[in-house]
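Before any comments, here is the structure.
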Amino acid sequence: MRQIDHFIAGHSGFTPTRFGEVMDPNNGGVQAKVAFGDASVLEAAIAAASAAQPAWAATNPQRRSRVMFNFKALIEKHMDELALMLSAEHGKVIADSKGDIQRGLEVVEFCCGLPHVMKGEHTQGAGPGIDVYSMRQPIGIGAGISPFNFPAMIPMWMGAVAVSVGNAFILKPSERDPSVPNRLAELLIEAGLPEGIFQVVHGDKEMVDAILDHPAISAVSFVGSSDIAQYVYSRGVAAGKRVQAMGGAKNHGIVMPDADLDMVVNDLCGAAYGSAGERCMALPVVVPVGEDTAERLKAKLIPAIHALRVGISTDEDAHYGPVISGPHKTKVEGWIQTAVDEGSELVIDGRNFTLQGHEEGYFIGPTLLDHVTPDMESYKEEIFGPVLQIVRAANFEEALALPSKHQYGNGVAIFTRNGHAAREFASRVNVGMVGINVPIPVPVAYHSFGGWKRSGFGDTDQYGMEGIRFWTKVKKITARWPDGGGDGSNAFIIPTMS
Ligand code: NAD
């Protein structure tokens with residue numbers, strides 16, 4: 001059986017004692033085994049990182065950025081290979097896998113310009129003969145812990161920024177689709193990155209805990225579910241590290257009475273069901289404003305949902321593929337039952353869906369629930385499957401309150417032709433990322449990504465300038481160059497005393 005190893009000091013290997021199983025979402029069953037590491041594996045990665053990082057940090061920024069240019073070209077060259085590898089383990093269709101890689105690639109492109117964004121600030125003459133300036137320096141050795149749902153994009157969000165500013169970076173990717181991160185590590189070596197600067201250690205909680213406790217790791221970036229994010233944040237901060245931890249989501253799409261409903265339906269089909277709903281920026285809740293809007297929307301949604309095609313990840317005509325695992329399929333179907341038991345209306349039931357020839361695959365048909373209310377558990381929690389819930393609101397204020405009061409605050413969208421309503425919504429809603437007639441408002445790579453409330457712990461976002469801030473520390477220098485006259489005119493005066 002295929003075995004996926006750690007990638008340490010430029011090579012894959014290390015004799016594992018424990019393994020995890022990588023499932024085949026299209027067909028069920030195990031397709032590979034992945035090494036599960038422990039503190040001793042991490043120690044080997046730390047040793048390689050410590051040996052390599054000082055010289056990498058001292059490499060001038062143009063040379064570091066050239067490695068990013070090379071890496072960008074290699075990802076483009078290997079796009080098809082990476083997408084196939086990603087789809088085979090995750091289950092998302094090839095077009096979605098290419099999107100996953102592309103959004104990571106855009107962060108690599110941002111990092112090609114790092115010499116510019118690494119520049120510090122300078123004040124001449126802050127006092128008599130005194131200049132004050134600042135410089136950004138790498139934090140040293142950092143770690144990233146990533147989820148299964150974007151196995152290319154999220155490692156690049158963290159890793160590309162971390163290494164391009166001069167750090168060594170150790171990635172602990174999801175154990176459920178671990179092959180793409182290893183391939184990215186190989187491509188970085190081919191791009192000219194020194195061995196030991198980008199490494200991959202595989203594993204479960206044991207490896208995560210080893211990372212959180214290791215004194216040589218100065219910063220940890222985590223993306224995953226909220227309970228684990230909170231745990232990682234608390235334990236990492238208690239160990240004195242800088243931590244950012246992005247969590248789960250329940251994003252709402254507000255549909256105003258004047259919205260273009262054909263556009264909304266098209267957007268919802270992609271945003272609620274694309275990638276089988278396994279996106280932290282999916283739109284699993286739609287909030288039509290007014291009963292008339294709700295009925296008109298529902299009438300258009302039903303045939304559009306019936307037209308969606310579920311297929312294996314290499315089916316070019318499929319809108320989405322299987323979910324990640326058997327237990328996850330059971331969990332999502334359990335939430336559908338809970339929603340029914342809580343009194344919502346099951347308009348389209350995606351349970352008991354089978355794909356001919358792939359009966360053991362983890363497929364769920366698109367599901368639509370109406371008359372969902374804020375007190376229901378199925379509304380409060382993240383389902384992370386191809387399930388769309390309609391929560392009806394009587395007016396704008398009621399619609400605005402729903403995402404604002406929800407425990408998660410990752411993304412939200414409003415669909416309207418009314419600029420005033422959109423502006424009012426964007427400024428008042430208590431959510432981190434807002435789309436105006438944009439269903440999945442993931443900011444481009446030169447802005448930053450991050451949710452609020454239980455969707456994000458810590459105070460910096462991913463990539464863009466926020467990412468640069470997270471992966472660097474600022475040194476502030478106050479310099480005085482007296483003229484050496486010796487007549488007392490160079491006596492130092494503290495500015496507040498003069
Ligand atoms: P997850 O929380 O199960 O796993 C994330 C990482 O944490 C993995 O590397 C995993 O090995 C590790 N982990 C799992 N259990 C752990 C434990 N008990 N202790 C320590 N580490 C542990 O998340 P997932 O199922 O891989 O990914 C889906 C979740 O990620 C969803 O909740 C989704 O909303 C969220 N997500 C959030 C964002 C964001 O930016 N906010 C982006 C993508 C995904």
Worksheet entry | segment 138-259: mean projected area of Cα convex hull, nm² | 9.3
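Calculate, for the chain, the solvent-accessible area per residue in square angstrom, rolling a 1.4 angstrom probe over the heavy atoms of the protein chains. Please report the intermediate quantities before stating the final value.
On the way: 19830 Å² over 498 residues.
For the chain, the solvent-accessible area averages 40 Å² per residue.
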Discussion item. Could you report the accessible area of residue 335 in Å², rounded to 10, computed with a 1.4 Å probe on the protein chains as they sit in the structure?
Written reply: 50
Worksheet, complete the sentence: Filtered hits (lysines, Cα-Cα < 23 Å from residue 241, offset >= 8 within chain) -> 172, 205, 453, 473, 475, 476
Worksheet item: What figure in square angstrom, to the nearest 10, would you give for the accessible area of residue 474 with a 1.4 Å probe?
Response: 60
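Ignoring ligands, DNA and RNA, please state the percent of accessible area on the chain from carbon and sulfur, probe 1.4 Å. Walk me through the numbers on the way to the answer.
Details: 10630 of 19830 Å².
Here carbon and sulfur together make up 54 percent of the probe-accessible area.
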Worksheet item: Near the amide H of residue 144, under 5 Å away, which other amide H atoms are found, from residues 5 or more places off or on another chain, if H is placed in the peptide plane?
Response: 170, 171, 172, 221
Fill in: Accessible area, probe 1.4 Å, largest first, for residues 358, 420
420, 358
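Would you kindly state how much longer the chain becomes between residue 33 and residue 352 on full extension, computed as 0.36 nm times their sequence separation minus their alpha carbon distance, in nm to one decimal? Could the numbers behind the result be given before it?
Details: separation 319, 0.36 × 319 = 114.84 nm, distance 2.88 nm.
Working it through step by step, the gained length comes to 112.0 nm.
Leaving ligands and nucleic acids out of the surface, order 317, 209 by accessible area at 1.4 Å, largest first. Show your work: numbers first, answer last.
Numbers: 317 105, 209 25 Å².
Descending order: 317, 209.
Could you work out the helix-only [θ] at 222 nm for the chain, with each DSSP H run of four or more residues adding -39,500 (n - 2.57) and the total divided by the number of residues, to the nearest 500 deg cm²/dmol? Can you show the working numbers first?
Numbers: 16 runs with 194 residues, N = 498.
Calculated mean residue ellipticity at 222 nm is -12000 deg cm²/dmol.
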Discussion item. I want the antiparallel fraction of DSSP beta bridges within the chain, as a percent rounded to 5.
Written reply: 45
Response to the item:
Sorted by chain and then number, the residues having a modelled amide H within less than 5 Å of the amide H of residue 120, at least 5 places away or on another chain, are 136
Fill in: D_trans [Stokes-Einstein, Kirkwood Rh over alpha-carbon pairs] for segment 252-436, 4 °C, 1.567 mPa s, µm² s⁻¹
78
Worksheet item: Can you give the accessible area of residue 384, probe radius 1.4 Å, in Å² rounded to 10?
Response: 40
Worksheet, complete the sentence: For residue 373, placing the label point 7 angstrom along Cα-to-beta-carbon and taking segment 334-351, residues whose amide nitrogen sits under 13 Å are 342-345
Worksheet item: Which helices, taking whole DSSP H runs in the chain, have alpha carbons extending 27 angstrom or more along the helix axis plus mean Kyte-Doolittle at least 0.5?
Response: 39-58
Item to complete: Quick one: order 2, 64 from most to least accessible surface, probe 1.4 Å.
Response: 2, 64
Discussion item. Along its three principal axes, how long is the chain when you only count alpha carbons? Whole Å, largest extent first please.
Written reply: 88, 59, 39
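The values are calculated or read from the model by the stated rules, or taken from the named source; none is laboratory data. As the structure is a computational prediction, the values presented were derived from the model and not from experiment. Heads up, the Cβs are rebuilt from the backbone with ideal geometry, glycines too, and the neighbour counts pull from every protein chain shown. Accessible surface areas use protein heavy atoms only, side chains included; no ligands, DNA or RNA. Shrake-Rupley method; radii C 1.70, N 1.55, O 1.52, S 1.80 Å.
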